[in-house]
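K.L.:
Mind having a look at this structure? Questions to follow.
The numbers here are math on the coordinates, done by the rules we state, and not lab data. Because the structure is a prediction, the values reported are computed rather than measured. Cβ placement follows ideal geometry from the backbone for every residue including glycine, while neighbour counts extend to all protein chains displayed.
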Amino acid sequence: MLKWLYQFDDEVLERAKLYVDDVSNVKKIKDKITCDVRGSNLYYVRLTIKNELVTQFSCTCPYYSNCKHEAALLY
């Protein structure tokens, strides 16, 4: 089981639940997972997982870090 909830603010986690159905094109290649998330625009999300920990996040949205789109992918 991945350990990642602690990396997000509670408000971000709550908002992410609203975006779970908007996650598409999920792909996993080795330790990387990518997807698209439909929000006010279509955002590209990429995660790196090592030893069941999410070690890197990236999203094309303007939020500064650990956004709802990344959390939606993880949910």
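K.L.:
Could you give every pair whose Cβ atoms fall below 7 Å, whose first residue belongs to segment 55-67 and is more than 17 Å from R38 (Cβ to Cβ), and whose second residue is aliphatic (A, V, I, L, M) and not in a strand (DSSP E or B), counting only separations of at least 6 or pairs across chains?
P.N.:
Matching pairs, first to second residue: N66/V12.
K.L.:
Separate question: Looking only at segment 29-75, filter to residues that are farther than 20 Å from Y6 by Cα and out of contact with any strand residue (DSSP E or B) (no Cβ under 8 Å at 6 or more places or on another chain); which one of those is surrounded by the most Cβ atoms within 10 Å (Cβ to Cβ)?
P.N.:
The selected residue is G39.
K.L.:
Give me the residue from segment 20-72 that is under 13 Å from F8 (Cα atoms) and hydrophobic (A, V, I, L, M, F, W, C) and, out of that set, farthest from the chain's Cα centre (by Cα).
P.N.:
Top of the filtered list is V54.
K.L.:
Shifting gears a bit: Among the numbered conditions (1) under 14 Å from Q56 (Cα atoms); (2) in contact (Cβ under 8 Å) with a residue 40 or more places away in the chain; (3) charged (D, E, K, R), tell me where D9 comes up short.
P.N.:
The number of the failed condition is (1).
K.L.:
Please go through segment 1-28 and pick out each residue that is over 18 Å from S65 (Cα atoms), among the acidic types (D, E) and loosely packed, with under 12 Cβ neighbours inside 10 Å.
P.N.:
D21
K.L.:
Among residues belonging to segment 48-75 that are in a strand (DSSP E or B) and not hydroxyl-bearing (S, T, Y), point out the one that is farthest from Y19 (Cα to Cα).
P.N.:
Out of the qualifying residues, it is K50.
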